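> Dropping the structure in here first, questions after.
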Amino acid sequence: MKKVLVLGAGLVARPLVRYLLERTDYSVCVIDKFLNKAQSMVTGQPRGTAYQLDVTNTVKLAEHIKKSDLVVSLLPWALHPKVADLCLEYGSSMVTTSYVKDEMRALHDKAKAKGLIFLNEIGFDPGIDHMIAVDTINKIKNKGGRILEFNSYGSSIPAEDSNNPMGYKFSWSPKGFLRSTLNDGRYLKDGEIINIKEQELFKHYWLVEVPGIGVFESYVNRDALKYKKLYGIESTKTLLRGTLRYIGMCETWTSIKKLGLLCEKRVIDTDTLSPREMIKYLIKSNGEDLLQDISSFLNIPVYSTTIKKLEWLGLLSPELLSIGEVTIFDMFGYLLNNKLQYRSGERDLVILYQEFLVEHHDKRREKRTLKLELRGLPEKESAIAQTVGLPAAIAVKCILEEDIKQKGVHIPILEDIYNPILKELEALGVKIEERNRFIKEI
């Protein structure tokens with residue numbers, strides 16, 4: 001019996017674990033810092049086991065990895081290289097849903113030499129976005145066409161946002177979300193490279209209409225230019241990866257950044273300093289008219305929606321949080337986590353929307369779009385958990401059954417990796433809607 005080790009029992013782990021326990025005959029061991037979380041993944045499953053472990057305990061972690069045929073790491077990306085080193089030592093392949101970093105890429109030759117695959121970016125975004133994009137691009141190129149423009153947008157947001165002025169709730173790691181707001185961005189527009197510094201990320205946004213769903217704000221998602229070569233579209237003049245959010249998000253987060261609420265260097269004592277006192281400290285206010293001082297500091301009207309949102313989050317509260325000495329970043333994350341949780345019966349909405357401008361061999365031009373729209377199942381699985389966990393779970397099965405034969409460090413942009421995964425995703429109800437429209441004939 002093949003043995004799979006899953007590290008991390010967070011918000012996206014359940015569909016992966018349940019797939020492996022219900023659709024394969026593998027044994028699955030789930031490890032988490034909190035035993036009850038790990039146990040909740042395998043309840044009622046005779047081939048499932050749960051262990052409590054702090055994965056920074058390398059000796060204990062190694063004992064589990066050496067008994068496993070494949071390791072799925074759902075840990076923060078900074079821990080992946082340590083896990084990968086142990087996988088190399090004990091001969092286990094590895095799957096992650098995180099962006100592949102240089103430390104992981106550097107292990108390509110070693111993994112290949114040992115006959116192992118370390119498959120990364122096999123979730124939703126990154127993951128499904130790669131697979132459907134490259135599949136479409138390859139089909140177009142095989143018929144003599146070329147890609148003139150390519151835009152890819154992804155999002156995980158509340159399906160209904162009426163009870164939440166922030167327009168967002170956490171369906172994945174709160175810290176992961178906060179850190180994603182600190183990335184630089186880069187994209188290509190009509191042949192011009194546009195660089196967006198982290199400080200300007202939310203000032204540089206635009207509106208995108210997703211047919212059948214609505215109009216959203218979009219801001220740039222990391223560095224799109226590297227995908228020219230990865231996707232084989234070197235001739236394209238426009239290449240963008242964007243994140244979709246409800247209207248009003250970007251203005252609010254511009255103010256959040258300006259206030260310094262994402263600072264990971266300053267430590268405050270929440271047993272003695274309230275959120276209100278912290279805001280006074282950050283903007284150097286005496287507190288006599290704090291709303292006006294915030295307005296002046298941010299250069300926005302005192303009646304602005306942004307200030308109302310800050311108050312709704314609890315940032316103007318005189319009540320102590322009493323969570324000890326933490327960074328401002330962690331204190332802000334604590335407030336967000338308290339306010340931005342999905343309530344019982346609520347659903348999330350996953351959107352993946354891609355636009356291609358294609359020039360065919362006969363010079364005709366076509367606008368092609370791909371759309372994935374999936375809503376969560378109340379009281380069961382969120383849409384983001386399904387679209388992150390299922391691709392990774394299918395990849396695990398394909399690797400262990402040798403349907404994927406590649407070795408080394410990879411992301412899912414090779415046909416023999418993405419083909420079986422996309423095929424099974426469709427069978428599981430994760431379907432892509434495609435629309436084509438010829439727009440010009442020369």
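> Quick check: with the 1.4 Å probe, what order do Y246, Y205 take by accessible area, largest first?
Highest to lowest solvent-accessible surface, that is Y205, Y246.
> Next up: Under 12 Å from the Cα of K280, which aspartates and glutamates turn up, not counting those fewer than eight places away in the same chain?
E288, D289, D293
> In percent, how large is the relative contact order of region 48-114, given Cα pairs closer than 8 Å and 6 or more residues apart?
Values: 50 pairs, mean separation 20.1, N = 67.
The value is 30 percent.
> Now for a separate question. Considering only A385, G44, I65, whose Cα is most displaced toward the positive end of the charge dipole of the chain, charges sitting on Cβ of Lys, Arg (+1) and Asp, Glu (-1)?
Farthest towards the positive end: I65.
> Right, here's the next one. Can you tell me the mean projection area, over all orientations, of the convex hull of region 338-442's alpha carbons? Units nm², please.
10.2
> Run down the aspartates and glutamates and flag those whose C-alpha is under 15 Å from the C-alpha of K141, throwing out any fewer than 8 positions away in its chain.
Correct list for K141: E149, E234, E359, D362, E366, E415.
> A further question on this structure: GNM, the chain, Cα, under 10 Å: largest mean-square fluctuation among H361, H130, H80?
Residue with maximal mean-square fluctuation among H361, H130, H80: H361.
> What's the extension gain from R343 to K139 if we count 0.36 nm per residue and subtract their Cα-Cα distance?
Taking 0.36 nm per residue and subtracting the Cα distance, the gain is 69.2 nm.
> Starting with the highest mean, order 71-77, 232-238 by the number of other Cβ atoms within 10 Å, averaged over the residues of each peptide.
Listed from highest to lowest mean packing, they are 71-77, 232-238.
> Using a simple charge model, +1 on the beta-carbon of Lys and Arg, -1 on the beta-carbon of Asp and Glu, nothing else, what dipole does region 177-247 show about its Cα centre, in debye to the nearest 20?
Dipole size: approximately 240 debye.
> What residue among S155, T181, G345 has its Cα farthest toward the positive end of the dipole of the chain, where the charges are +1 on Lys, Arg and -1 on Asp, Glu, each on the Cβ?
S155
> Taking region 170-247 as the region of interest, what is the percent of Cα-Cα pairs per 10 angstrom bin, listed from the shortest bin to the one with the maximum distance?
Taking every Cα pair in region 170-247, the percentages come to 18, 42, 35, 5.
> Another question about this same structure. Probe radius 1.4 Å, ligands and nucleic acids ignored: give me the carbon and sulfur share of the accessible area of region 346-412 as a rounded percent. Display every interim value, and only then the final one.
Numbers: 1020 of 2360 Å².
The C+S portion of the solvent-accessible surface of region 346-412 is 43 percent.
> Follow-up. How large is the Rg to Rh ratio of region 205-290 when both quantities use alpha carbon positions and Rh follows Kirkwood?
1.18
> Going by accessible area, probe 1.4 Å, with all protein chains left in place, what is the ranking of K363, K397, largest first?
K363, K397
> State in Å² the accessible area per residue of region 1-52; use a 1.4 Å probe, count heavy atoms of protein chains only, and round to the nearest integer.
Each residue of region 1-52 exposes 47 Å² on average to a 1.4 Å probe.
> Could you give the dipole magnitude of region 299-427 about its Cα centre, charging the beta-carbon of Lys and Arg +1 and that of Asp and Glu -1, in debye to the nearest 20?
Taking the Cα centre of region 299-427 as origin, the dipole is about 480 debye.
> Let me ask something else about it. Roughly how large, in nm² to one decimal, is the mean projection of the convex hull of the alpha-carbon atoms in region 389-442?
Computing the convex hull of the Cα atoms and averaging its projections yields 5.8 nm².
> Contact order normalised by length for region 231-307, with contacts defined as Cα pairs under 8 Å and 6 or more residues apart; what percent is it?
Relative contact order here is 26 percent.
> Return one quarter of the surface area of the convex hull spanned by the alpha-carbon atoms of region 267-328, equal to its mean projected area, in nm². All intermediate terms of the calculation are to be shown ahead of the outcome.
On the way: hull surface 16.2 nm².
Reported value for the Cα convex hull: 4.0 nm².
> Using a 1.4 angstrom probe, figure out how much accessible area region 306-442 has per residue, in square angstrom, rounded to the nearest whole.
47
> Hey, another quick one. Any idea what the alpha-carbon Rg over 2.2 N^0.38 Å comes to for region 14-148?
1.22
> Another question about this same structure. Fully extended, how many nm does the chain gain between Y90 and R364 (0.36 nm per residue separation, minus their Cα-Cα distance)?
Working: separation 274, 0.36 × 274 = 98.64 nm, distance 5.40 nm.
Going from the current span to full extension adds 93.2 nm.
> Before I look further, what does region 223-303 give for accessible area per residue, probe 1.4 Å, in whole square angstrom?
49
> Restricting things to alpha carbons, tell me how big region 261-364 is in terms of Rg and Dmax, in Å.
For region 261-364, the Cα radius of gyration and maximum Cα-Cα distance read 20.5, 71 Å.
> Just reorder F124, F438, F297 by solvent-accessible area, largest first, 1.4 Å probe, all chains present.
Of F124, F438, F297, the descending order of accessible area is F438, F297, F124.
> Separate question: For region 246-324, run through the trypsin sites (Lys or Arg not before Pro) and keep only the ones in DSSP coil with at most 12 other Cβ atoms within 10 Å of their Cβ.
On the way: sites: K257, K258, K265, R266, R276, K280, K284, K308, K309; in loops: K265, R266, K284.
Listed in order of number, the matching sites are K265, K284.
> Now for a different question. Heavy atoms only, probe 1.4 Å: what % of the accessible area of region 1-134 goes to carbon and sulfur, would you let me know?
51
> Now, a different point. Can you pull the accessible area of T254 for me, 1.4 Å probe, Å² to the nearest 10?
40
> What ³J(HN,Hα) values, in whole Hz, does the Karplus curve 6.51 cos²θ - 1.76 cosθ + 1.60 give for region 42-51 when θ = phi - 60°, with x put for Gly and Pro?
10, 3, x, 10, x, 8, x, 10, 10, 9
> From the alpha carbon gyration tensor of the chain, can you work out the equivalent ellipsoid semi-axes (sqrt of 5 times each eigenvalue) and give them in Å, largest to smallest?
Equivalent-ellipsoid dimensions as semi-axes: 36, 31, 19 Å.
> If you don't mind, another one. Using a 10 angstrom cutoff on alpha carbons, build the Gaussian network for the chain and name the most mobile of G212, G242, G408.
Maximum fluctuation in the GNM of the chain, among the listed residues, is at G212.
> I want to verify a result. In a Gaussian network model of the chain, Cα cutoff 10 Å, which of these has the top mean-square fluctuation: I417, I283, I65?
I283
> I've got another one for you. Counting Lys and Arg as +1 and Asp and Glu as -1, each charge on the Cβ, what is the dipole of the chain about the Cα centre in debye, to the nearest 20?
The calculated dipole for the chain is roughly 900 debye.
> Another one. To one decimal place, what Kirkwood hydrodynamic radius in Å is obtained for region 148-287 from all pairs of distinct Cα atoms?
17.1
> Sort 142-149, 95-102 by packing, meaning the average of other beta carbons within 10 Å per residue, with the highest value first.
Numbers: 142-149: 15.5, 95-102: 18.5.
Descending mean neighbour count gives 95-102, 142-149.
> Let me ask another. Carbon and sulfur: what percent of region 146-233's accessible surface (1.4 Å probe)?
Ligands and nucleic acids excluded, carbon and sulfur reach 48 percent.
The values are calculated or read from the model by the stated rules, or taken from the named source; none is laboratory data. What you see is a predicted model, and the numbers here were worked out from it, not measured in a lab. Note that we place each Cβ from the backbone using ideal geometry, even for glycine, and neighbour counts take in every protein chain shown. Please note that ligands, DNA and RNA were not included when accessible areas were found on the heavy atoms of the full protein model with its side chains. Shrake-Rupley method; radii C 1.70, N 1.55, O 1.52, S 1.80 Å.
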